[in-house]
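Notes for the one structure printed next.
Read the figures in this text as sums done on the coordinates, not as results from a lab. Please read all numbers here as calculations on a predicted model, not as lab measurements. All Cβ positions, even for glycine, are placed from backbone atoms using ideal geometry, and neighbour counts span all protein chains on display.
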Amino acid sequence: MKTSVISVTTGREKVVVDITEEVASFVAREGDGLVNIFVPHATAGVAILETGAGSDADLLDAIDRILPPVDDLYRHRHGTPGHGADHVLPAWIAPSIVVPVIDGVLALGTWQSIVLVDPNRDNPTRAIRLSMMGT
Amino acid sequence: MKTSVISVTTGREKVVVDITEEVASFVAREGDGLVNIFVPHATAGVAILETGAGSDADLLDAIDRILPPVDDLYRHRHGTPGHGADHVLPAWIAPSIVVPVIDGVLALGTWQSIVLVDPNRDNPTRAIRLSMMGT
Amino acid sequence: MKTSVISVTTGREKVVVDITEEVASFVAREGDGLVNIFVPHATAGVAILETGAGSDADLLDAIDRILPPVDDLYRHRHGTPGHGADHVLPAWIAPSIVVPVIDGVLALGTWQSIVLVDPNRDNPTRAIRLSMMGT
């Protein structure tokens, strides 16, 4: 298994960050296999989404509706108000996803991008582990 | 890695389509390993669910409650009214799942089926990539 | 592929059960690879979450808000009132997740634990299949 940890700058706002290029570079020249994208953080997730047409911002709005960042809904409270919601998010948007790789190329659809979903304003950088099981 | 793309007819309504048989055929005689089911579309997901007892229709209702198909909630608008919700769905119901295979048989529980979740009425057929990493 | 089924006691309440130790024992001395955690039940999921600081209980509350355990929302009704919600849950919190393993150690972040999410009060024990693809 080839494995590597990359670093992504997320800043101090809730963000969806497109990491497709980084994953594509990692699997280039690796033949066929499955690549796992794994975020070793308790307040972020990984998703596959169309980016650039508004859905990334739409997702952040949906997260606020589905898991309201309101302190009194959560026992786990520290940091920025509503941060308890960030700790529940990874159960719904998991920190792990698998994408097939064919001849060193991600087998994504035309409109799919791999994104880091990070509602947590308290961590300005994030690690992501990429792992490729080839044949 | 053995890999193959199948085509599924989803029609013009929101649907949950049972694809267990197609995946079971793909892994038959493949020994032990992990099969990945991946949908290369930006408005559909893959899930594991009991089918045939109403939960498939219950899931479609839940999607409409959790991600209301109402244009004014989404920046990404085109096609059928409420289609912006379809573009947010894959963050919550991911287009990728892994199922263990033992001696060529899916290691599903008695009541589990693998399903394509497709709220998008604008695409009547869908591709699904099946990939098996064996040992 | 190394594979094994473990049994977890969940009792008669809605619970989040930390299974990190069981998975860590399973992968110990297995080198590098990907471990899949798979629950062969139609009313439970697997998640990666911080435990011990309230987020496990916060998640159970969030499940009740997002998928209300109210009979009239679901066609699939049997067992405990509101059980129809349990059958929809696995579409949102999937029964399958993959975690990278480096030199026999789970590559989890400091605050991440692997948990079984089981809102179903009708099943006091659950099986979980662990499968490791190594190199």
When only C-alpha pairs under 8 Å and at least 6 residues apart count, what is the relative contact order of chain B, in percent? 53 percent
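Rounded to the nearest 0.05, what FRET efficiency is calculated for residue B:102 and residue A:102 with R0 set to 45 Å and r the Cβ-Cβ distance?
That gives a FRET efficiency of 0.95.
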Residue separation times 0.36 nm, minus the C-alpha to C-alpha distance between residue B:71 and residue B:13: what's the value? 19.1 nm
Dipole magnitude of the protein assembly as shown about its Cα centre (Cβ charges: Lys, Arg +1; Asp, Glu -1), debye to nearest 20: 440 debye
Please state the charge dipole magnitude for the range B:2-134, taken about the Cα centre, from unit charges on C-beta atoms (+1 on K and R, -1 on D and E), reported in debye and rounded to the nearest 20. 440 debye
Inter-copy separations for residue A:21, label at 7 Å along Cα-Cβ, nm, ascending: 4.6, 4.6
To the nearest 0.05, how large is the calculated FRET efficiency for residue C:125 and residue A:80 if R₀ is 56 Å and r is the Cβ-Cβ distance? 0.90
For residue C:78, label point 7 Å along C-beta direction: distances to other copies, nm: 4.5, 4.5
Can you list the copy-to-copy distances for residue C:135, using a point 7 angstrom from Cα toward Cβ, in nanometres, shortest first? 1.7, 1.7
What residues have an amide H closer than 5 Å to that of residue B:51, excluding those fewer than 5 places away on the same chain, when H is modeled at 1.01 Å from N in the peptide plane? B:113
Summed residue charge, Cβ within 11 Å of residue C:55's Cβ, Lys/Arg positive, Asp/Glu negative: -3
Extending each Cα 7 Å along its Cβ direction at residue A:61 and residue A:135, get the distance between those two points in nm, one decimal. 4.3 nm
